[in-house]
Each structure stands twice: as C-alpha cells, then as structure tokens.
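Participant: Starting off with a structure, shown below.
The values are calculated or read from the model by the stated rules, or taken from the named source; none is laboratory data. The structure displayed is predicted, hence computed values, not measured ones. Cβ placement follows ideal geometry from the backbone for every residue including glycine, while neighbour counts extend to all protein chains displayed.
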Amino acid sequence: MCLLVGLIILVYVFYRVYQHLFPSPDINPRDKYVLISGCDTGFGNGLAIELDKQGFNVLAGVYNPNNKDSLAKILSSRATVFKLDISRQEDIDAAYEMISNKTKVLHALVNNAGIATAGYIDWVSVETMRKIMDVNFFGHVTMTKKFLSLLIAKRDSRVVNICSVAGYLSKPGMSAYATSKYALESFSDCLRREMAIWGLRVSIIEPGFMRTGIVEGHDKSLRNLWNGLTDDVKDRWGEENLNSQIKGIVNDIFIKNAENPAKVVQALKHAVMNTAPRIRYRPGWQSSFIMFPLSRGPAWLTDYLMIRPSLKGAPPAGIRKQLIN
C-alpha cells in the first residue's frame, strides 16, 4: 500500500514538473467575449484589466453603478462595463439581451461576484443565510443557466467559478459562507460532467485568505453582528466570549498573512485563456499546502485543530452558568 501511494505521489510530481517545463499554449483572444461578474474590486476587477490587455472583448459587470466610469476609463474600447446584480433576475435578463446583441458565442463566463459574513450559526439569521446563498450560489446558477446557450454555441468555451477553501473545509463561524461555497462546488462538478459532451470546460478556483475587501474588517463585522443579536443570544454567549473571538480573528495567522490576490487573478487568467485549463486551481500556499491536505485528513484530527482555538478562549456565559449550577 505504501509503495502504491509513493508511486502515485511520484507520478504526480513528475506530471507537475512536466506542466511547468512544457506549459500548454494559450488561445488566440481575438474576437472572443468573456463575461465577468463582480468587477467593482478584487479578483473580478483585476481579471477584467488583465484580459483586456490580452485582447479579449471583456464584458464587466459591476454591482455599484458608481464604479462603471472608473473601470471603463482603464479598459479599452473593446470592453463593455455595465451594472449587474446577480441576485436580480431583471439585471441578468438585461445583461443577456445586451450581450446577445453583441455576440452569439461566449468564450467564458467567470462567476466571481460574492459576499461574506462571519458568525456562529446561533448568531446568523436565516435571512442572512438566504442572502448569502442568493448571491454566492443561486446568482451564479442563474447566470450559468441564462448564458449556457451562448457558451455551448462552440466547443471549448468555459465556465470559471470562484469558490474558496471554504468550499471544502468548514471553519467555525463561517457557516453561511462555507455552505454557499460547498453548494457551488457541487454545482460546478455536476455542470462539468453533464456538459462534457458539449465540450464545455468548467474550472473551480479555491483560494485561501487573500488581501481583498471580503477578508478585511472581519472583527468589525462580527461586532456589528453582535449588536444586532437578541438579548437571549447575547446572554447565552456573553460579551467576554465575543471579545475572545475578535481577538482570535485579529491574531489569526492566515488572515494576518493573507496572500497577494494577483495569485488568484493569474489562476483565473489561465482558466480562461489556456488550451488546457485545470479542473481545480488552489492558488497560494494556504489552500495548496495547508487547507487542502487538512481537509483530506481524518475528521477527528481536523475537528481537533479547528475546535482547539475556541477552547482556549473565554467560554460562553451559558457554560459558566451551567458549571456554577
């Protein structure tokens, strides 16, 4: 058994070395259209700029209309910047009408838009969970279904979905976000297998913590969430536990060492324009060398490592009351 595992690892290492030394060529970007959601900031913004430089016809959706002009000034005349809220069917329908008038073939759809919220399941409302799912999952599903006919109009088109390490490893306090990403991972796998006969490629991007707006400000958002909780939930957990959680976020080694988002942009670029895009990309050391191997380990070990930080902090007020009684 050990010999077989060693052989598999050796073959994999040789394969990755071969990929590095003899990379697959890129496609010709001329007259190819790429639709990207969530181009206001972060990955989507960076990808829109990079693909525009390469010569693609970029279709950049922005959530905030105030960001249209600033992005349009950076991009070339080939690009189209438009308002797109993927949780609104009317925005998606309007985008389809506009794009289908420009082209009957879409080279790539990059489902990038996303929102996040932190907080224990006992803290986060069902309404908030639904909102997260509406954007991070159902929004991307609706976009994919709407533009599928333009994607499969030619072979070798692709859908690229921004997932996360949270799509394969659930961290305490991230239930709403992780649930949406797990769902998107499953959808991506089904889409890839169902549409293989059409030649549609589907890639999944699974980054760890990157220096973007969605990562910054977790401590403030947690305190804001706390301020909106009902009195019974506050009594159950106690402000001492809240402060302990905030301290844990501030000192979190992965957040403190959040990686350069350019790593994700390069992975996205490869998935869009390479002749042999990968099924999964894990850009950065956090996802590739720590989070993914941890997710493959025994559940008891993963649980121990995930639960241990909360056991070292201040226990919930309700537990202290139980011990006293």
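Participant: Answer yes if at least one residue in segment 295-314 is crowded, with 17+ Cβ neighbours inside 10 Å and either in a loop (DSSP other than H, G, I, E, B) or on the phi > 0 side of the Ramachandran plot (or both), and no otherwise. Don't jump to the end; show me each part of the working.
Facilitator: The first filter runs over segment 295-314 and keeps only residues crowded, with 17+ Cβ neighbours inside 10 Å, leaving 310, 314.
Still in the list and also either in a loop (DSSP other than H, G, I, E, B) or on the phi > 0 side of the Ramachandran plot (or both): 314.
So far as segment 295-314 goes, yes, one or more of its residues are crowded, with 17+ Cβ neighbours inside 10 Å and either in a loop (DSSP other than H, G, I, E, B) or on the phi > 0 side of the Ramachandran plot (or both).
Participant: A further question follows. Can you tell me which residue in segment 274-299 is nearest to V159 (Cα to Cα), limited to those that are among the hydroxyl-bearing types (S, T, Y) and within 16 Å of the chain's Cα centre (by Cα)? So that I can check it myself, show each step before the final result.
Facilitator: Of segment 274-299, the ones among the hydroxyl-bearing types (S, T, Y) are 275, 281, 287-288, 295.
Filter again for within 16 Å of the chain's Cα centre (by Cα), leaving 281, 287-288.
Numbers: Y281: 13, S287: 21, S288: 22 Å.
Per the criteria, the residue is Y281.
Participant: Give S149, S170, S180 a once-over and let me know the one that is crowded, with 22+ Cβ neighbours inside 10 Å and either in contact with a Lys or Arg (Cβ under 8 Å, 6 or more places away or on another chain) or of a type in the set (S, T, N, Q) (or both).
Facilitator: Details: S149 fails: crowded, with 22+ Cβ neighbours inside 10 Å; S170 fails: crowded, with 22+ Cβ neighbours inside 10 Å.
The match here is S180.
Participant: Across segment 1-50, which residue is modelled with the lowest pLDDT among those that are among the hydroxyl-bearing types (S, T, Y) and in a loop (DSSP other than H, G, I, E, B)?
Facilitator: The residue in question is S24.
Participant: Exactly one of (1) at pLDDT 95 or above; (2) out of contact with any strand residue (DSSP E or B) (no Cβ under 6 Å at 6 or more places or on another chain) is unmet by I204. Its number?
Facilitator: Every listed condition holds for I204 apart from (2).
Participant: Which number in (1) among the aliphatic types (A, V, I, L, M); (2) in contact (Cβ under 8 Å) with a residue 60 or more places away in the chain; (3) under 21 Å from E206 (Cα atoms) marks the one condition that A317 misses?
Facilitator: Unmet condition: (3).
Participant: What single numbered condition from (1) of a type outside the set (F, W, Y); (2) over 15 Å from the mean Cα position of the chain (by Cα); (3) in a loop (DSSP other than H, G, I, E, B) fails to hold for S170?
Facilitator: (2)
Participant: If you check T103 against the conditions, is it closer than 20 Å to L148 by Cβ, surrounded by 12 or more Cβ atoms within 10 Å (Cβ to Cβ) and polar (S, T, N, Q)?
Facilitator: Working: closer than 20 Å to L148 by Cβ: yes; surrounded by 12 or more Cβ atoms within 10 Å (Cβ to Cβ): yes; polar (S, T, N, Q): yes.
Yes.
Participant: To continue, here is another question. Across segment 44-78, what is the number of residues that are in contact (Cβ under 8 Å) with a residue 40 or more places away in the chain, over 11 Å from V110 (Cβ atoms) and out of contact with any Pro (no Cβ under 9 Å at 6 or more places or on another chain)?
Facilitator: Residues flagged as in contact (Cβ under 8 Å) with a residue 40 or more places away in the chain, over 11 Å from V110 (Cβ atoms) and out of contact with any Pro (no Cβ under 9 Å at 6 or more places or on another chain) within segment 44-78 amount to 2.
Participant: Looking at segment 66-73, can you tell me whether even one residue there is farther than 18 Å from V272 by Cα, of a type in the set (A, V, I, L, M, F, W, C), part of a helix (DSSP H, G or I) and at pLDDT 95 or above?
Facilitator: Here is the first cut: in segment 66-73, the residues farther than 18 Å from V272 by Cα are 66-73.
If we keep only those that are of a type in the set (A, V, I, L, M, F, W, C) too, we end up with 71-72.
Pick out the ones that are also part of a helix (DSSP H, G or I) and you get 71-72.
Those left that are additionally at pLDDT 95 or above: 71-72.
Yes, segment 66-73 has at least one match.
Participant: Right, something else. Which count do you get for residues in segment 162-180 that are under 23 Å from I36 (Cβ atoms) and touching a Phe, Trp or Tyr at 6+ places or on another chain (Cβ under 8 Å)? Working first, answer last.
Facilitator: Residues of segment 162-180 that are under 23 Å from I36 (Cβ atoms), as a first pass: 162-167, 177, 180.
In the following step, the residues that additionally are touching a Phe, Trp or Tyr at 6+ places or on another chain (Cβ under 8 Å) were identified as 162, 164-167, 180.
Total satisfying the criteria: 6.
Participant: Right, next: Could we say that S87 is surrounded by fewer than 17 Cβ atoms within 10 Å (Cβ to Cβ) and of a type in the set (S, T, N, Q) here?
Facilitator: On the way: surrounded by fewer than 17 Cβ atoms within 10 Å (Cβ to Cβ): no; of a type in the set (S, T, N, Q): yes.
Criteria not met by S87.
Participant: Name the pairs: first residue in segment 80-106 and free of Cβ contacts under 8 Å to residues at least 24 places away in the same chain and over 16 Å from G139 (Cβ atoms), second residue of a type outside the set (A, V, I, L, M) and surrounded by fewer than 16 Cβ atoms within 10 Å (Cβ to Cβ), Cβ to Cβ under 9 Å, at least 6 apart or on different chains?
Facilitator: T80/K102
Participant: Conditions first: (1) in a loop (DSSP other than H, G, I, E, B); (2) among the basic types (K, R); (3) more than 27 Å from I27 (Cβ to Cβ). K131 passes all but one, so which condition is the exception?
Facilitator: Failed condition: (1).
Participant: How many residues does segment 148-167 contain that are more than 26 Å from V215 (Cβ to Cβ) and either part of a helix (DSSP H, G or I) or of a type in the set (D, E, K, R) (or both)?
Facilitator: If we filter segment 148-167 for residues that are more than 26 Å from V215 (Cβ to Cβ), which is where we start, we get 148-158.
Checking which are either part of a helix (DSSP H, G or I) or of a type in the set (D, E, K, R) (or both) leaves us with 148-151, 154-156, 158.
So the answer is 8.
Participant: Determine if segment 193-201 includes at least one residue that is part of a loop (DSSP other than H, G, I, E, B), surrounded by fewer than 17 Cβ atoms within 10 Å (Cβ to Cβ), modelled with pLDDT under 95 and not basic (K, R). Break it down stepwise before answering.
Facilitator: From segment 193-201, those part of a loop (DSSP other than H, G, I, E, B) are 195, 199-200; that's our starting set.
From what's left, surrounded by fewer than 17 Cβ atoms within 10 Å (Cβ to Cβ): 199.
Checking the rest, the ones that are also modelled with pLDDT under 95 come to none.
No, because not a single residue in segment 193-201 is part of a loop (DSSP other than H, G, I, E, B), surrounded by fewer than 17 Cβ atoms within 10 Å (Cβ to Cβ), modelled with pLDDT under 95 and not basic (K, R).
Participant: Here are A178, A196, A183: which of them is over 16 Å from V135 (Cα atoms) and hydrophobic (A, V, I, L, M, F, W, C)? Before the answer, list the steps.
Facilitator: Values: A178 fails: over 16 Å from V135 (Cα atoms); A183 fails: over 16 Å from V135 (Cα atoms).
It is A196.
Participant: Let me ask something else. Residue by residue through segment 62-78, note down the ones that are surrounded by 12 or more Cβ atoms within 10 Å (Cβ to Cβ) and under 17 Å from F43 (Cα atoms).
Facilitator: Selection gives V62, Y63, N67, K68, S70, L71, A72, I74, L75.
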